[in-house]
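> My questions all concern the structure below.
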Amino acid sequence: MAFKTIIEPFRIHSTQAIKRSTLEERDAALIRAGYNLFGLHGDEVLIDLLTDSGTGAMSSKQWAAMMDGDESYAGSRSFYRFQDVVRALTGFREVIPTHQGRAAERILFATLVKPGQVVPNNTHFDTTRANIEYCGAEARDLVIAEGRVPATKHPFKGNMDVAALDATIRDAGRERVPLVMVTVTNNSGGGQPVSVANLRAVREVCTRHGIPLYLDACRFAENAYFIKLREPGYERATPREIAGAMFALADGCTMSAKKDGLANIGGFLAMHDAAVAAACRNLLILTEGFPTYGGLAGYDLEAVATGLDEVLEEEYLKYRLRSTAYLAEKAEQAGVPIVQPPGGHAVYLDAKALLPHIPPAQYPAQALAVELYRVGGVRGVEIGSVMFGKRQPDGTETPAAMELVRLAVPRRTYTQSHVDYVVEVIAEVARRKRELRGYRMVEQGPWLRHFTARFEPV
């Protein structure tokens, strides 16, 4: 018999207490943190949907593998197991471990990117963009038109605009485009997948111009399962086979193993080009560690190696995507517009549509994120003009294209009752939406300002 309920494909082996707080306590915490949810203490948060990066629960097999970690400074047995798993998954011979994804980005861009160059992507995420701009280059977003409209439904809203990519390369000049990146899934665009057909078309453009193609692959398994569900010709393929087809179209990848590596820390940089890899390893030694540990303990390498296998289990991926879709459906029923269709790792609330009375200069997505915490202790993250607004020389700011609040679901961490509670909080905030007011930014840093900025209510 076919049953409708998709249950968690695991049993809960141990638990960790979470603490309830009062409205007064949350108000005090917000004031102390300058209304920046990154400034809250973890114990002040009831349901933490700030990120799915490194916040998931590891399996018993991962914990068991960690006990067998080899902590040799050079030539660790755990590294060679890690390397074998990554090579088998991606097909890339050169494997460089890093402590997380942004370290892989920094090393890759410091090696390949020069001032005045342009790096196209479907949509850069915050650390990717910041690392490119730190090198003096431009991070240019080229997602398809449907990917810029939250309410539009399209099976692969993360796809890159291939014609715009070709035009960008021609206009900028081949010598000014050191590499092309595609983020799978497209995090800043709502966790939306990219099709194999689109990757193939991007590959053809890159080949024609002689430009390497890299994937930001931190959610490669979720992207692979979306392809299985939505792209004709892949219905019978396994997630591992689809992932292999994706990687086969690229020259390399950056990876945060804190996402689809199912680990609490870790990442890697992988590629075909041995000369580029040698230059990257030189920088790795300077900033991360020896090439066989790259800023990680041996037990971390074991956890990532095991997680990269587990994440491709079809029952897990079926549960993962469906549990996120459940939250999206319930948010819609509560009257809150979201990015459609739901992504794999998160639900994105459309603050611009929900709070039209708050102008972009007063950060409507920040206002919505703060209120979700204030009302019910639920922490999400602003993905709008705080994160992606562009400051101009005259002091004004160009707002982001979308004003979203991301509710990122940690892997294997929360149950359906936790999600149902989140939905109640969303519904209560939506009921009082006309009472919400915007914020002004009173402090900000020069890079990734959303991590440390401070605000005050307007």
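The values are calculated or read from the model by the stated rules, or taken from the named source; none is laboratory data. In this text the structure is predicted, and so the values were computed from the model without any measurement. No Cβ is skipped: glycine too gets one built from the backbone with ideal geometry, and neighbour counts run over all protein chains shown. Calculation scope for accessible area: heavy atoms of the full protein, side chains included, ligands and nucleic acids excluded. Shrake-Rupley method; radii C 1.70, N 1.55, O 1.52, S 1.80 Å.
> Give me the pairs: first residue in segment 1-21 and on the phi < 0 side of the Ramachandran plot, second residue open to solvent by 100 Å² or more (accessible area, probe 1.4 Å), beta-carbon distance under 8 Å, and six or more apart or on different chains, which are they?
Every condition considered, the pairs that remain are Pro9/Glu315; Lys19/Asp43.
> Further question on the same structure: Taking segment 81-92, which residues are surrounded by 13 or more Cβ atoms within 10 Å (Cβ to Cβ), within 25 Å of the chain's Cα centre (by Cα) and in a helix (DSSP H, G or I)? Show your work before the answer.
Restricting attention to segment 81-92, the residues satisfying the condition of being surrounded by 13 or more Cβ atoms within 10 Å (Cβ to Cβ) are 81-83, 85-87, 89-92.
Within this subset, residues satisfying the condition of being within 25 Å of the chain's Cα centre (by Cα) are 82-83, 85-87, 89-92.
Matches in segment 81-92: Phe82, Gln83, Val85, Val86, Arg87, Leu89, Thr90.
> Can you list residue pairs whose Cβ atoms sit under 7 Å apart, with the first residue in segment 328-340 being in contact (Cβ under 8 Å) with a residue 40 or more places away in the chain and the second being outside any helix (DSSP H, G or I) and among the small types (Gly, Ala, Ser)? Count only pairs 6 or more apart in sequence or on different chains.
Filtered contacts from segment 328-340: Pro337/Ala151; Val339/Gly190; Gln340/Ala151.
Residue by residue, here is whether (1) out of contact with any strand residue (DSSP E or B) (no Cβ under 6 Å at 6 or more places or on another chain); (2) among the basic types (Lys, Arg); (3) farther than 15 Å from Leu213 by Cα holds:
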{"position": "Thr98", "(1), (2), (3)": "no, no, yes"}
{"position": "Asp126", "(1), (2), (3)": "yes, no, yes"}
{"position": "Glu138", "(1), (2), (3)": "no, no, yes"}
{"position": "Ile169", "(1), (2), (3)": "yes, no, no"}
{"position": "Thr183", "(1), (2), (3)": "no, no, no"}
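> Take Ala257 and tell me if it is open to solvent by less than 50 Å² (accessible area, probe 1.4 Å), under 30 Å from Val422 (Cβ atoms) and without any contact (Cβ under 8 Å) to a residue 24 or more places away in the chain. Let's see the steps before the verdict.
Numbers: open to solvent by less than 50 Å² (accessible area, probe 1.4 Å): yes; under 30 Å from Val422 (Cβ atoms): yes; without any contact (Cβ under 8 Å) to a residue 24 or more places away in the chain: no.
Taking the combined requirement at face value, the residue does not satisfy it.
> Restricting to segment 297-324, what's the tally of residues that are open to solvent by less than 10 Å² (accessible area, probe 1.4 Å) and not in a helix (DSSP H, G or I)?
Looking only at that region, the number is 1.
> Take the residues of segment 397-436 that are within 14 Å of Ala369 (Cβ to Cβ) and of a type outside the set (A, V, I, L, M, F, W, C): which is surrounded by the fewest Cβ atoms within 10 Å (Cβ to Cβ)?
Step by step, filter segment 397-436, then rank; the result is Lys433.
> Another question about this same structure. Based on what the data block shows, is Ser78 at negative phi, in a loop (DSSP other than H, G, I, E, B) and not aliphatic (A, V, I, L, M)? Reasoning before the result, please.
Details: at negative phi: yes; in a loop (DSSP other than H, G, I, E, B): no; not aliphatic (A, V, I, L, M): yes.
No, not satisfied.
> Same structure again: Go through segment 93-149 and count every residue that is closer than 24 Å to Asn264 by Cβ and part of a loop (DSSP other than H, G, I, E, B). Before the answer, list the steps.
First, the residues of segment 93-149 that are closer than 24 Å to Asn264 by Cβ: 95-108, 125-128, 130-131.
Next cut, part of a loop (DSSP other than H, G, I, E, B) only: 99-100, 125.
Of the residues in segment 93-149, 3 are closer than 24 Å to Asn264 by Cβ and part of a loop (DSSP other than H, G, I, E, B).
> Quick one: in segment 24-71, of everything that is among the acidic types (Asp, Glu) and within 24 Å of Pro9 (Cα to Cα), which residue is nearest to the chain's Cα centre (by Cα)?
Step one: filter segment 24-71 for residues among the acidic types (Asp, Glu), giving 24-25, 27, 43-44, 48, 52, 68, 70-71.
From what is left, the residues that are within 24 Å of Pro9 (Cα to Cα) are 48, 52.
On the way: Asp48: 16, Asp52: 8 Å.
Across segment 24-71, the extreme among qualifying residues is Asp52.
> Further question: Of all residues being among the small types (Gly, Ala, Ser) and open to solvent by less than 40 Å² (accessible area, probe 1.4 Å) in segment 260-278, which is nearest to Thr90 (Cα to Cα)? Just the residue, please.
Here is the first cut: in segment 260-278, the ones among the small types (Gly, Ala, Ser) are 261, 263, 266-267, 270, 274-275, 277-278.
Then drop every residue that is not open to solvent by less than 40 Å² (accessible area, probe 1.4 Å), which leaves 261, 263, 266-267, 270, 277.
Values: Gly261: 13, Ala263: 18, Gly266: 17, Gly267: 14, Ala270: 8, Ala277: 15 Å.
Of everything passing the filter in segment 260-278, Ala270 is nearest to Thr90 (Cα to Cα).
> Follow-up. Determine if segment 116-128 includes at least one residue that is over 23 Å from Gly384 (Cα atoms) and open to solvent by 10 Å² or more (accessible area, probe 1.4 Å). Even if it seems obvious, please write down each step before you answer.
Step one: list which residues in segment 116-128 are over 23 Å from Gly384 (Cα atoms), which gives 116-117.
Next cut, open to solvent by 10 Å² or more (accessible area, probe 1.4 Å) only: 116-117.
Yes, the conditions are met somewhere in segment 116-128.
> Just give me the residues in segment 58-69 being buried (at least 18 other Cβ atoms within 10 Å of the Cβ) and either small (Gly, Ala, Ser) or not in a helix (DSSP H, G or I) (or both), in sequence order. Talk me through it step by step, then tell me what you get.
Of segment 58-69, the ones buried (at least 18 other Cβ atoms within 10 Å of the Cβ) are 58-59, 62, 65-66, 69.
Selection gives Met58, Ser59, Ala65, Gly69.
> Still on this structure, please answer the following. Can you pull out the residues in segment 212-253 that are in a loop (DSSP other than H, G, I, E, B) and closer than 15 Å to Leu308 by Cα? Let's see the steps before the verdict.
To start, the set of residues in segment 212-253 that are in a loop (DSSP other than H, G, I, E, B) comprises 212, 217-219, 231-238, 249-251.
Hits for segment 212-253 are Ala217, Cys218, Arg219, Thr238.
For every residue, the table says whether it meets (1) hydrophobic (A, V, I, L, M, F, W, C); (2) in contact with a Phe, Trp or Tyr (Cβ under 9 Å, 6 or more places away or on another chain); (3) in a loop (DSSP other than H, G, I, E, B).
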| site | (1), (2), (3) |
| --- | --- |
| Phe3 | yes, no, yes |
| Ile6 | yes, yes, yes |
| Phe10 | yes, yes, yes |
| Ser14 | no, no, yes |
| Ile18 | yes, no, yes |
| Glu25 | no, no, no |
| Ala28 | yes, no, no |
| Ile31 | yes, no, no |
| Tyr35 | no, yes, yes |
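> Let me ask you something else. May I ask you to list the residues in segment 199-211 that are in a loop (DSSP other than H, G, I, E, B) and of a type outside the set (Gly, Ala, Ser)? I'd like the intermediate steps shown before the answer.
Residues of segment 199-211 in a loop (DSSP other than H, G, I, E, B): 210-211.
Ile211, the sole residue that qualifies.
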